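Please find one structure pasted underneath; my questions will follow.
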Amino acid sequence: MRENLLRAGHVCAEKGEPCDAVVVNSCAVTANACAQARQATRRVTKWNGKPFVAVVGCYPQIDPQAVAAIEGVNLVLGTAEKIRIAEFLGNWSQGVHVSDICTFAAYPEARIEGHYGHTRALLKIQEGCNQACAFCIVPQARGTSRRRPLESVVEEAKRFITRGYKEIVLTGTHLDEENVFQTVTALEGVPGLRRLRVSSMDPNEISERLLGLLAFLEKCCRHLHIAVQSGDDGTLERMRRPYDRQDVVSLLERIQGVLGEDVGIGADFLVGFPGEDERAFAHTYRLISEMPFTYLHLFPFSPRPSTAAFAMRPVFPQAMVRERLKALKELGERKRKEFQERFIDREVEVLVEHRCEKGKDRLTGLTDNYLRVSFEGPEAIQGRLAKILITGQEDARLIGRVKA
C-alpha cells in the first residue's frame, strides 16, 4: 500500500507531521487485535487537521459495519480492495468497499520493491487458507488458498536482491509443502541470494522431501517455525488440526536428524482452548519440556464469532489462562537460554540489521538458526553478513564481538 501510494505521487509523512490522510491497516486474528484497530482508529480521527481516515484489511473484511460506525472514518476497504488504496485515495472515495473474499480464485498480485525499515525481505508466495480450524477466523478474512505464480515470485526475489537484501523470508497465510518445495527449488539458483528462510508451517506440511531439500541447499536457513497449537490429542482434535501429538514428536525428531542439533525450532501454542483441562494442559507442557523447541510464540484463546470454537464449552477464566501462559513463557525462556548456551565461545554468522539495539549503542542481527545477537561494530557492516564470536548471554540474546 505504501509503495502504491508513493508511485501515485503521494508523500509519506513522518510520525507527528501534518498529513492529509491516514491509513489504518488492521488485523482480526484475535478479539484484542480488533480492539487495537478500533483504538488506533479513534486516536487518528482526533488528530489536528482532521485527516481523511481509511481503515483497511482483515477487520473491515469480517465486520465492515462495525468499522464504518466509528465516528470520523471516511473509507472502509476489505482484504481484496486494500491493494487499490492509491486508486481510492486518488479520488478521495468514501464509504464501504468490501467484497466477498471467498469468491476470489487468483492470487492478489501487488508489486513491491522492498521492505521499508527492514533488513530482511518478506516474500509472500501464497494467500488464504482451506483448513478451517475451529478457532480460526483467517479463512473468512483472507479467503481460500491461492498460490502466487512462480514466475512472479522469482521476479520479486531478484528485485529484492538487486536492492541489497541478503535474506529472503518466504511467507503466506498457509504455506503448503508443494508450494514451498517448488519455490525453494526455484530461488536456490537466483544469483546474489545469501539466505532463504521459510516462515511458519503446519506440522503436516513439513515432509521428508522438504526437509531433505532444506538440508541439501546451502542457502536455506537451519530454522523452522511450526504451528503446533497443543500437545494434547483431544484438544488437537477439537481444534480440527490434522495431526496428533505423536506426529509432532516424530516430526521434531526428523528435523533434528536431518538439519542437525543446531537447528532453531520455534512453535506456536494456543492456550485456554475450550475443554483444555488440567490434564490436557499438562500434555502440552510436557511436550514442550521434552522436545527441542528453541523459542515459543504463545497466544490465549480468543473466541471469534462465526468459528466452530465460539460456541464450545467449557470456557476457562482468564486468570487461569494467564497463569498457564506465564508457566509456558517461563518454560520457553529456559528452553531459549539452554539453546543459546551451546553457542558461547563459538563463531556464528549474523545478518546485521540496519539499526542498533533498542536503547543501547550496539548493533544487532540474526543467525541463520534464528538467534538474536548483539555486538559492538562499525556502521559500515549494517545490512551485511558478519562473523561474530559469541562471548555470553544477556536477557533473550547472545552477546559477541566482530571477528577481525
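Any read-out appearing in this document is the output of simple, stated calculations on the displayed coordinates, not a laboratory observation. Not measured: the values here are computed from a predicted model. Counting neighbours? That spans all protein chains shown, and the Cβs are built from the backbone with ideal geometry, glycine included.
Where a Cα-Cα gap under 28 Å defines reach, which lysines qualify for Lys158, not counting those fewer than 8 residues away within the same chain?
Here the lysines satisfying the reach criterion relative to Lys158 are Lys82, Lys124, Lys166, Lys219, Lys387.
With a cut-off of at most 14 other beta carbons within 10 Å, and DSSP calling the residue loop, which trypsin sites (Lys or Arg not before Pro) in region 1-58 qualify? Please list them.
Of the trypsin sites (Lys or Arg not before Pro), the ones in loops of region 1-58 whose Cβ has at most 14 other Cβ atoms within 10 Å are Lys15, Lys46.
So, one more: Please flag any cysteine in the chain that has no other cysteine's Cβ under 4.7 angstrom from its own Cβ.
That list is Cys12, Cys19, Cys27, Cys34, Cys58, Cys102, Cys129, Cys220, Cys221, Cys356.
I've got another one for you. Alpha carbon centre of region 121-184 versus region 1-47: separation in Å?
When both Cα centres are located, 24 Å separates them.
Rounded to the nearest 20 Debye, what is the dipole magnitude of region 347-402 about its Cα centre when Lys and Arg each give +1 and Asp and Glu each give -1 at the C-beta?
That gives region 347-402 a dipole magnitude of about 80 debye.
Near Lys335, which aspartates and glutamates are there with a Cα under 12 Å away, not counting those fewer than 8 places off in the same chain?
List returned: Glu290.
How large is the charge dipole for the chain, taken about the Cα centre, if only the Cβ atoms of Lys, Arg (+1) and Asp, Glu (-1) carry charge, to the nearest 20 debye?
Charge dipole, the chain, about its Cα centre: 900 debye, nearest 20.
Enumerate the amide H contacts of Val271 below 5 Å, restricted to partners 5 or more residues apart or on another chain; note that Pro and chain-start residues carry no placed amide H.
Phe299, Phe301
For Cα Rg over 2.2 N^0.38 Å, the listed values are (i) 1.25; (ii) 1.03; (iii) 1.09; which was obtained by calculation from the structure presented?
Computed from these coordinates, Cα Rg over 2.2 N^0.38 Å corresponds to label (ii).
Would you mind checking which residues have amide H under 5 Å from His223's amide H? H placed 1.01 Å from N; only 5 or more apart, or other chain.
Under 5 Å from the amide H of His223: Gly264.
Now for a different question. Answer with one residue from Val263, Phe310, Cys220: the one whose Cα lies farthest towards the positive end of the charge dipole of region 194-348, charges on Cβ with Lys, Arg +1 and Asp, Glu -1.
Going by the Cα projections, it comes out as Phe310.
Then there is this: DSSP H helices in the chain with Cα extent of 15 Å or more along the helix axis and mean Kyte-Doolittle hydropathy at least -1.0?
Those that clear 15 Å and a mean of -1.0 are 31-45, 150-162, 177-188, 245-259, 278-290.
In addition: Toward the positive end of the charge dipole of region 88-247, about the Cα centre and with charges on Cβ (Lys, Arg +1; Asp, Glu -1), which of Leu236, Val180, Val169 goes farthest?
Of the listed residues, the answer is Val169.
Assigning unit charges at the beta carbon (Lys, Arg +1; Asp, Glu -1) and nothing else, what dipole magnitude in debye, to the nearest 20, does region 298-404 show about its Cα centre?
Details: 22 positive and 16 negative charges, 97 e Å.
Value, rounded to 20: 460 debye.
Ok, one more. Quick check: Cα centre of region 322-363 to Cα centre of region 236-312, how many Å?
Going from one Cα centre to the other spans 21 Å.
Let me ask something else about it. Starting from 0.36 nm per residue, how many nanometres of slack lie between Gln256 and Glu188 once their C-alpha separation is accounted for? Walk me through the numbers on the way to the answer.
Details: separation 68, 0.36 × 68 = 24.48 nm, distance 2.22 nm.
So the extension gain works out to 22.3 nm.
Hey, can you grab everything whose amide H is under 5 Å from the amide H of Ile399? Only 5+ residues off in sequence or another chain; H modelled, so Pro and N-termini drop out.
Answer set, sorted by chain and number: Ser374, Thr391, Gly392, Gln393, Glu394.
On to the next question. Would you kindly derive the ³J(HN,Hα) couplings of region 64-72 from the backbone phi angles with the Karplus curve 6.51 cos²θ - 1.76 cosθ + 1.60 (θ = phi - 60°), listing them in order in whole Hz, with x for Gly and Pro?
x, 6, 5, 5, 5, 6, 6, 4, x
So, one more: Looking at the chain, send over the antiparallel percent of its DSSP beta bridges, to the nearest 5. Spell out each step's value before the answer.
Numbers: 20 of 59 bridges.
Roughly 35 percent of the beta bridges in the chain run antiparallel, per DSSP.
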